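The values are calculated or read from the model by the stated rules, or taken from the named source; none is laboratory data. If you're wondering where the values come from, they're calculated on a predicted model, not measured in any experiment. Virtual Cβ from ideal backbone geometry, glycine too; neighbours counted across all protein chains shown. Accessible surface areas use protein heavy atoms only, side chains included; no ligands, DNA or RNA. Shrake-Rupley method; radii C 1.70, N 1.55, O 1.52, S 1.80 Å.
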Amino acid sequence: MALTGDIRSPFSKEIQSLPPQECLQAFSTFNAYAGIYTIEGNTVTHHVEIASIPGVAESKYEFTIYGCDQT
């Protein structure tokens, strides 16, 4: 799953040349994870296997789907 929005970045194009404050802001506002998901009824559960934020791996995120007919 990917959550997308406005992909224009306020940051410099070359990550190697980011000023320290820009680098801190860029990486402190980034979140990514990967793993499998399961669907049960109208609940989607993401089973996190790896994550960009320490301590998130091995956790679960649950989302409820509204307005979808499961039949």
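Is it the case, given these coordinates, that Glu40 is among the charged types (D, E, K, R), at pLDDT 90 or above and loosely packed, with under 10 Cβ neighbours inside 10 Å? Give the derivation first.
Numbers: among the charged types (D, E, K, R): yes; at pLDDT 90 or above: yes; loosely packed, with under 10 Cβ neighbours inside 10 Å: yes.
Yes, satisfied.
So which residues in segment 56-71 are on the phi > 0 side of the Ramachandran plot and either modelled with pLDDT of 85 or more or surrounded by 13 or more Cβ atoms within 10 Å (Cβ to Cβ) (or both), if there are any at all? Outline the logic, then answer.
So the first thing to find is which residues in segment 56-71 are on the phi > 0 side of the Ramachandran plot, and the list is 58, 67.
Scanning segment 56-71 gives a single hit, Glu58.
So which residues in segment 3-37 are open to solvent by 100 Å² or more (accessible area, probe 1.4 Å), modelled with pLDDT under 85, closer than 25 Å to Glu58 by Cα and outside any loop (DSSP other than H, G, I, E, B)?
Matches in segment 3-37: Phe27 only.
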